[in-house]
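Peer 1: Mind looking over this structure? Questions follow.
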Amino acid sequence: MAFTLEDLPIRDDLRGQSPYGAPQKHVRVQLNVNENTHPVPAEVAEDIVESVRQALATVNRYPDREFTELRRSLTDYLNGGLDGAALLTPEQLWAANGSNEVLQQLLQAFGGPGRSVLGFPPTYSMHSILAAGTGTRWIPAERDAEFGISPATVTAAIAEHQPDIVFLCGPNNPTGTPLPLETIVAAYDATDGIVMVDEAYAEFMPDDAPSALTLLPGRERLVVSRTMSKAFAFAGARVGYLAAHPAVIDAVRLVRLPYHLSALTQAAAVAALRHAPAMLAMVDDIKQQRDRMVTELRAMGYRTYETWSNFVLFGGVADPHAAFEALLGQDVIVRDLGIPNHLRVSAGTAEETTAFLEAMRRVSAAQPPVRVEA
Ligand SMILES: *Cc1c(COP(=O)(O)O)cnc(C)c1O
């Protein structure tokens, strides 16, 4: 018998768990992990390379543990979107290797054994995986119809479960559902714990939709996480961040690894943020491709939902696994999340979106859409 991890003296609470597992396949049209499918513009890439080259001159030294320049850059970037209202300061910013690490640090500081985190599936699968990894009990609560969370729903779930942390995701992955500010305020008022809003897709929201960042003044236990992995086309660089009261940042400092953010990452991120408008130039185009997917999937007879992100969850797929494989056979990869009769697809370039829609037309001819309740 082959030796497996089950034969090791692994923590009991990790036995039988599965790692995060979006398949990494080399496929022509990759629409499965909500990346920005547009590459970094060449002139921006050159500036990033130059900044990394300069950082290499002192890479024999440990990096700035407080990534001061990056925090200043992130502050400027966020303040640019806040219309002068409730401006942030660098003391309120914190970054790590992807927002996943930011969320892990939050759970290390505010969760852990004997503590719990409330979430609302279907939501980002890493939220419960990070809870498991930090020994924090994951409490799943029900959403409303169409995947929404009303103020009454969030308040009732908090009253019932008394969690130490509440994880909200707006717009929600994998459904795209907007998260009303009233729901965040209701959650905050209903708990003495931490309320964390994952805004990984904030840049894809309608231009006039306010961010949870506008709620930070006067709310010391509210945390808003963001990432450069999606709209910013920087997934491979691994940069995520949060904004909160400076006391929250002090708490995170107790659990972070020293020098967790490499000098090369810091240099690359600061350079990319210098070119924020160019890095975000494709966002409007991506939103158009997303809306095109919604319109055409509906015309084919699939069920779609309101989405404020760069992806579309669609229902009515008779056999999601067979449909996933049929798309893969046409060099298109989407996401099968195990939601019955549903698949998720990320908006791509115009050409990728066309390739997906043409492949889907063939799939729907082979397995006609079915009715789904939601
Ligand atoms: C993609 C995604 C992230 C991003 O994680 P990174 O570690 O920053 O790449 C975070 N939250 C949600 C909801 C996501 O979908």
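The values are calculated or read from the model by the stated rules, or taken from the named source; none is laboratory data. These numbers come from a predicted model, not from an experiment. Cβ: placed from backbone, ideal geometry, glycine included. Neighbour counts: every protein chain shown. Just the protein is used for accessible areas: all its heavy atoms, side chains included, with ligands, DNA and RNA removed. Shrake-Rupley method; radii C 1.70, N 1.55, O 1.52, S 1.80 Å.
Peer 1: Applying the Karplus parametrisation 6.51 cos²θ - 1.76 cosθ + 1.60 with θ = phi - 60° to the phi angles of segment 179-184, what ³J(HN,Hα) value in whole Hz is obtained for each residue in order, glycine and proline being reported as x?
Peer 2: 10, x, 4, 4, 5, 5
Peer 1: Of Thr155, Thr295, Thr89, which is the most mobile in a GNM of the chain whose springs link Cα atoms less than 10 angstrom apart?
Peer 2: With Cα springs under 10 Å in the chain, the top fluctuation among Thr155, Thr295, Thr89 is at Thr295.
Peer 1: Here is a follow-up. Using a 1.4 Å probe and counting only protein heavy atoms, arrange Ile10, Ile249 so the residue with the most accessible area comes first. It would help to have the intermediate numbers written out before the result.
Peer 2: Values: Ile10 50, Ile249 0 Å².
Largest accessible area first, the list is Ile10, Ile249.
Peer 1: Under a 5 Å amide H to amide H cut-off, with H placed in plane at 1.01 Å, what residues pair with Arg303 once short-range neighbours are removed?
Peer 2: Correct list: Gly315, Gly316.
Peer 1: Nearest 20 debye, what's the magnitude of the dipole of segment 258-305 about its Cα centre given +1 on Lys and Arg Cβ and -1 on Asp and Glu Cβ?
Peer 2: Values: 6 positive and 4 negative charges, 27 e Å.
The dipole magnitude comes to about 120 debye.
Peer 1: What does the helix-only formula give at 222 nm for the chain: each DSSP H stretch with n ≥ 4 adding -39500 (n - 2.57), the total divided by the residues, and the result rounded to the nearest 500 deg cm²/dmol? Write out the running numbers ahead of the final one.
Peer 2: On the way: 12 runs with 137 residues, N = 374.
Mean residue ellipticity, 222 nm, calculated: -11000 deg cm²/dmol.
Peer 1: For the chain, with a Gaussian network of springs between Cα atoms less than 10 Å apart, report the residue from Gly236, Gly301, Gly133 with the top mean-square fluctuation.
Peer 2: The residue with the greatest mean-square fluctuation here is Gly236.
Peer 1: Each residue of segment 299-305 in order: what ³J(HN,Hα) in whole Hz does its phi give by Karplus 6.51 cos²θ - 1.76 cosθ + 1.60, θ = phi - 60°, with x for Gly and Pro?
Peer 2: 4, 6, x, 8, 9, 10, 10
Peer 1: Rounded, prolate or oblate: which fits segment 126-259, taking a ≥ b ≥ c as square roots of the Cα gyration tensor eigenvalues, rounded meaning a/c under 1.5, else prolate when a/b beats b/c?
Peer 2: Details: a/c = 1.39, a/b = 1.11, b/c = 1.25.
The shape class here is rounded.
Peer 1: Running a GNM on the chain with Cα contacts under 10 Å, which residue among Leu328, Leu254, Leu213 ends up with the highest mean-square fluctuation?
Peer 2: Leu254
Peer 1: Here's a follow-up. I need the shape label for segment 293-374. Rule: rounded when a/c is under 1.5, else prolate if a/b > b/c, else oblate, with a, b, c from the alpha carbon gyration tensor.
Peer 2: Verdict is rounded for segment 293-374.
Peer 1: I'd like to know which of Ala366, Ser150, His321 lies farthest towards the positive end of the charge dipole of the chain, counting +1 on Cβ of Lys and Arg and -1 on Cβ of Asp and Glu.
Peer 2: His321
Peer 1: Please list, in chain and number order, the residues 5+ apart from Phe311 or on another chain whose amide H is under 5 Å from its amide H, with Hs placed from the backbone.
Peer 2: Long-range HN contacts for Phe311: Ala347.
Peer 1: Still on this structure, I have one more. Would you work out which of Pro163, Tyr241, Tyr188 lies farthest towards the positive end of the dipole of segment 161-287, given +1 charges on the beta-carbon of Lys and Arg and -1 on that of Asp and Glu, about the Cα centre?
Peer 2: My answer, from the dipole projection, is Tyr241.
Peer 1: Give, rounded to the nearest 20 debye, the magnitude of the charge dipole that the chain has about its Cα centre when Lys and Arg contribute +1 at Cβ and Asp and Glu contribute -1 at Cβ.
Peer 2: On the way: 30 positive and 44 negative charges, 118 e Å.
It comes to approximately 560 debye.
Peer 1: Okay, moving on. With unit charges on the beta carbon (Lys/Arg positive, Asp/Glu negative), name the residue among Leu14, Pro340, Asn97 whose Cα is farthest towards the positive pole of the charge dipole of the chain.
Peer 2: Leu14
Peer 1: Restricting to bridges with both residues inside the chain, how much of the DSSP beta-bridge set is antiparallel, in percent to the nearest 5?
Peer 2: On the way: 16 of 33 bridges.
Close to 50 percent.
Peer 1: Another one. Taking H as built 1.01 Å from N, whose amide H comes closer than 5 Å to the amide H of Val166, not counting residues under 5 places away?
Peer 2: Leu118, Ile194, Val195, Met196
Peer 1: Among rounded, prolate and oblate, which fits the chain when a ≥ b ≥ c are the square roots of the eigenvalues of its C-alpha gyration tensor, a/c under 1.5 means rounded, and a/b larger than b/c means prolate?
Peer 2: Values: a/c = 1.41, a/b = 1.20, b/c = 1.17.
Verdict is rounded for the chain.
Peer 1: Here is a follow-up. Just the accessible area per residue of the chain, please: how many Å² with a 1.4 Å probe?
Peer 2: 45
Peer 1: Shifting gears a bit: Can you tell me the dipole magnitude for segment 1-111 around its Cα centre, using point charges on the Cβ only (Lys, Arg +1; Asp, Glu -1), in Debye to the nearest 20? Please report the intermediate quantities before stating the final value.
Peer 2: Working: 9 positive and 16 negative charges, 53 e Å.
That gives a dipole near 260 debye.
Peer 1: I would also like to ask the following. Just the number, please: carbon plus sulfur as a percent of the accessible area of segment 149-230, 1.4 Å probe, no ligands or DNA/RNA counted. Write out the running numbers ahead of the final one.
Peer 2: Working: 1300 of 2580 Å².
Ligands and nucleic acids excluded, carbon and sulfur reach 50 percent.
Peer 1: Another question about this same structure. Which order do peptides 331-340, 187-196, 36-45 fall in by mean Cβ count within 10 Å, highest first? Walk me through the numbers before you get to the answer.
Peer 2: Values: 331-340: 18.4, 187-196: 20.8, 36-45: 15.6.
The packing order, highest mean first, is 187-196, 331-340, 36-45.
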